[in-house]
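I have placed the structure first, in the form of structure tokens, so that the comments after it can refer back to it.
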Amino acid sequence: MKDRVSAIIKKYGKDESQLVSILQDIQAEYNFLPRVELDKLSKRMDIPQSQIYSLATFFKAFSLKPRGKHIINVCLGTACHVRGTELILESLERQLKINRGETTEDRNFTLETVNCMGCCATGPVVKIDDEYYGQMSNDKVEPMLKKY
Amino acid sequence: MRTKLKSRKELEELQKKLHRKLDTGKTRISICNGTACRPYGSNPVAESFKSEIAKQGLEDKVDFKVTGCHGFCEKGPIAIIEPGNIFYQKIKVDDVPEIIQKSVLNKEVISKLLFKEQSTGKEITAQNELPFYKNQTRIILGNNLLIDPTEIEDYIATGGYAALAKALFELQPDKLIGIVKQSGLRGRGGAGFSTGTKWESCRKAHGDIKYVIVNADEGDPGAYANEGLLTGNPHSVLEGLIIGAYAIGAHQGFIYVRNEYPLALKNMTIAMEQAEKHGLLGDNILGSGFDFHVRINRGGGAFVCGESTALMASLEGKVGEPRAKYIHTVERGLWDRPSNLNNVETWANIPLIVNNGPEWFSKIGSPGNSGTKIFSLTGKVNNTGLVEVPMGIKLRDIIFSIGGGIRGNKKFKAVQTGGPSGGCLPEKLLDSPVDFDELTKAGSMMGSGGMIVMDEDNCMVDIARYFLTFLEEESCGKCVPCREGIKRMRQVLNDITEGKGRESDIELLGEISVHLKESSLCQLGSSAPNPVLTTIQYFRSEYESHIKNKKCPAGVCKALIQFSIIDEKCPGCGMCVKTCPSNAITFMGKKKPVILDQSKCIKCRTCYDICRMGAVSIE
């Protein structure tokens, strides 16, 4: 339990070129990238913190802030856009009372956007954790959220 | 556990054995469980098939397969039943016992699950007679139906890895490169460079250590052709990669997959493990003496990493920023060593070319553009899905014959190809052939295969603004023209959509575009103006209407539209009152029209979408 970062580093054989994968595994473990773990990572792999943070802030997949229990991903791909995904996103913002990128006060949801999830034919698509919701419309938002 | 195949002969024997298993006369049900069928509930349907087959004790009589993408995503969950090539669409869990009872045991066709032709209502039973499929040439995607992507033996049964064996034991690397060159295969990632020539340069480049890379960072929003291939038939990509490595002289490969494609990651990882166990990957492949290892890397959600040099930087564990390509990556790429990067679809074409010969391949498609191309046909078209067509086909044939035309009897407005680097093409160009050169001539590009159809309800200024917003966020910021230029263009477009546009704005957009095209470091910046330039070129009147009349003809741009109730059409049912999130609509009693308070209206469109009487208008 205590040294999860070491276990992750070990899995990749301390290979610097695998840093993105290592960060992804740390995020999968904690739901975000905790500062103390990144400190540990920097020391154990002998990589400057600047390099770790440059990756952690460059890639959209990483979050330096704690995220909610459920991650909502709204697809903003072109196919979803032409079918009105922006309106779905606004509806989610209204109902959750947060803006995109934020986490609800009770830490139940984090509202994120993604550029394409690879199921464009079914757009607009929203994904909550591992569950996909296709052909979304405004009236489907509330019943969907109630499941969580 | 299987012992490794140690020779070509052992592979061929296994192939024969597995192939015989395909023809046992059993009923075969193959259900699509691709990423696009999942939002429609394909997972529970597949589970229900499994339990129903077990419940009825039919395991020996039915060959049940959960496969990757079949292509016709619009109608998911879908299944094919053989013999008979029966195509069932929109299957629900409750339909499963009936399918087993009627179609498996009694060989009857269930009418309610068949595809019905839109115009005539005629039912079509066989998959290969559906307009969606019969107008396609599915040389790459066709086998998805026969393959459980997590079972290497399914791939081997369809002739998989025979091309690898042929390459290793019959063809010298130079000969192999010659075949690929002769086939005329051009890179499917978008640029359309000759694959054989690229391989040749990499083979000839100086250096002992060389790399081959699969670019599976399909970042174009609205394109998922690579996703369908990676999840549905990962071994075809892997086989192509190993053949390429042999031709080029590389012993290490990388597969860079988008993090947003969890299923692709999973299936590719399984494929690699299984190939290794079978002696088709790793040391001494099939006893040939050729060693090759592959590593899979996940992207981090950055669009720019689809650019080859940015992708390689990311593979090195660095920030994914591109570099100027004075020296090509085939000479100095990953860790400054010769590196050959190709798109997923390019790699998947290789086994086909090796098996069937370059002449066969070059006969498909049009001169200079041989082979097929997979498009993800999406947007406002009736039949959305993954389509594979010969190059040179007309846009009209894809959208109207395969795609079945525009949804809800609306009017076609534009088709967008090439993602954020491409453009929007109008109706007058629908008869243009779809290939690398013609699309570029029209101001768009092939890209990695997104094809998004738009109708009269889509605003072209909004679309241009959308792409520029996307690119502004995805610009890595390394070079100034891209970082600043895109931002300014997006601001101008924002102003236009908010009714604050000035008459000189169109000219200004053109001017910034020139600078972006000429001075950006990579393609992200230099092609960024395309969505703007094509929409100005083909839909200038829409821009003018926003700027001069402060009107959005398509009714999209919020600042320029107003919702109102058409009293004569409103039956006072109150549906809109219940769903309005801002309480802007007041119920006035049954059979009396509702009243909409403009000051409270947030223009969310909920009332417009929910009203079945068409009593809400947008002006």
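Quick notes on this one:
- Among B:VAL330, B:VAL180, sorting on how many other beta-carbon atoms sit within 10 Å of each Cβ, with the fewest leading, yields B:VAL330, B:VAL180.
- Within the range A:4-58, the proportion of C-alpha pairs whose separation exceeds 16 Å stands at 27%.
- Distance-filtered residues of the range B:428-447 - backbone nitrogen under 13 Å, label point 7 angstrom along B:ASP397 Cα→Cβ: B:431-435
- Size of charge dipole - the range B:340-398 - debye, nearest 20, with Cβ of Lys, Arg +1 and Asp, Glu -1, no other charges: 240
- Cα convex hull of the range B:94-253 - mean projected area over all directions, nm²: 13.6
- Comparing A:LEU92, B:GLY408, B:ILE452 along the charge dipole axis of the protein assembly as shown, the residue lying farthest to the positive side is A:LEU92, per the Cβ-charge model.
- B:GLU273 paired with A:LYS65, simple spin-label distance in nm, labels 7 Å along Cα-to-beta-carbon: 3.7
- Cβ-to-Cβ counts within 10 Å put A:MET144, B:MET391, B:MET451 in ascending order as A:MET144, B:MET391, B:MET451, the fewest first.
- The charge dipole of the range B:513-567, taken about the Cα centre with unit charges on the Cβ atoms of Lys, Arg (+1) and Asp, Glu (-1), comes to about 100 debye, rounded to the nearest 20.
- Neighbour-count order for B:TRP360, B:TRP347, fewest beta carbons within 10 angstrom listed first: B:TRP360, B:TRP347
- The range B:160-361: antiparallel DSSP beta bridges as a percent of all, rounded to 5: 10
- Helix-only CD estimate at 222 nm, as mean residue ellipticity for chain B, using -39500 (n - 2.57) per DSSP H run (n ≥ 4): -10500 deg cm²/dmol
- 3J(HN,Hα) couplings calculated from phi for the range B:316-329 with the Karplus curve 6.51 cos²θ - 1.76 cosθ + 1.60 (θ = phi - 60°) are, in sequence order, 7, x, 10, 4, x, 10, x, 10, 5, 9, 5, 10, 5, 5 Hz; Gly and Pro show x.
- The range A:54-71-the range B:120-134 distance, computed between alpha-carbon centres (Å): 46
- Across the options B:PHE563, B:ALA36, B:PRO390, the greatest Cα extent toward the positive end of the charge dipole of chain B (unit charges at beta carbon of Lys, Arg, Asp, Glu) belongs to B:PHE563.
- Sparse-neighbour loop sites [trypsin sites (Lys or Arg not before Pro); the range B:422-517; at most 14 other C-beta within 10 Å; DSSP]: B:LYS500, B:ARG502
- Here chain A is treated as a sphere whose radius is the Kirkwood value from Cα pairs; by Stokes-Einstein at 20 °C and 1.002 mPa s it diffuses with a coefficient of 129 µm²/s.
- Inverse mean reciprocal Cα-Cα distance (Kirkwood Rh) of chain B, Å: 26.3
- Descending semi-axes in Å of the range B:509-574, equivalent ellipsoid built from Cα gyration tensor: 39, 13, 9
- Listed peptides B:303-312, B:607-616 by packing density, highest first (mean Cβ within 10 Å): B:303-312, B:607-616
- In the range B:18-146, the C-alpha radius of gyration followed by the widest Cα-Cα span (Dmax) gives 14.0, 43 angstrom.
- Trypsin sites (Lys or Arg not before Pro) restricted to DSSP loop in the range B:333-423 with at most 15 other C-beta within 10 Å: B:LYS410, B:LYS411
- Computed P(r) (all Cα pairs; the range B:160-361; 10 Å bins; percent): 9, 39, 39, 12, 0
- Short-range pairs are left out: with C-alpha atoms under 8 Å and at least six residues apart, the relative contact order of the range B:57-147 is 32 percent.
- Simple point charges give the picture: +1 on the Cβ of Lys and Arg, -1 on the Cβ of Asp and Glu, and for chain B a dipole about the Cα centre of about 760 debye.
- Taken over the protein assembly as shown, the alpha-carbon convex hull comes to 173 cubic angstrom per residue.
- B:LYS112-B:ALA324 FRET efficiency (beta carbon distance; Förster radius 56 Å; 0.05 resolution): 0.40
- Taking all pairs of distinct alpha-carbon atoms in the range B:460-548, Kirkwood radius in angstrom: 12.6
- For the range B:255-324 versus the range B:446-475, the gap between their alpha-carbon centres in whole angstrom: 29
- Leading residue at positive end of dipole, the range A:4-58 (Cβ point charges), from A:SER50, A:ILE8, A:LEU33: A:ILE8
- Loop-resident sites, the range B:484-589, for chymotrypsin sites (Phe, Trp or Tyr not before Pro), counting at most 13 other Cβ within 10 Å (DSSP): none
- Value of relative contact order over the range A:4-58, rounded to a whole percent, pairs C-alpha under 8 Å and six or more apart: 36
- When both the range B:540-584 and the range A:72-119 are represented by their alpha-carbon centers, they are found 23 Å apart.
- Using a Förster distance of 41 Å, the FRET efficiency for A:ASP130-B:ASP431 (Cβ separation, nearest 0.05): 0.40
- Legend: helices of chain B (whole DSSP H runs) are marked when their alpha-carbon atoms reach 20 angstrom or more along the helix axis and their mean Kyte-Doolittle hydropathy is at least 1.0; marked are B:234-248.
- Counted residue by residue at 0.36 nm each, then reduced by the alpha carbon distance between them, the extension gain from B:PHE169 to B:ARG502 reaches 113.1 nm.
Coordinate-derived values only; no laboratory data. Quick caveat: nothing in here was measured; it's all calculated off a predicted structure. Glycine gets a Cβ as well: all are built from the backbone with ideal geometry, and neighbour counts include every protein chain shown.
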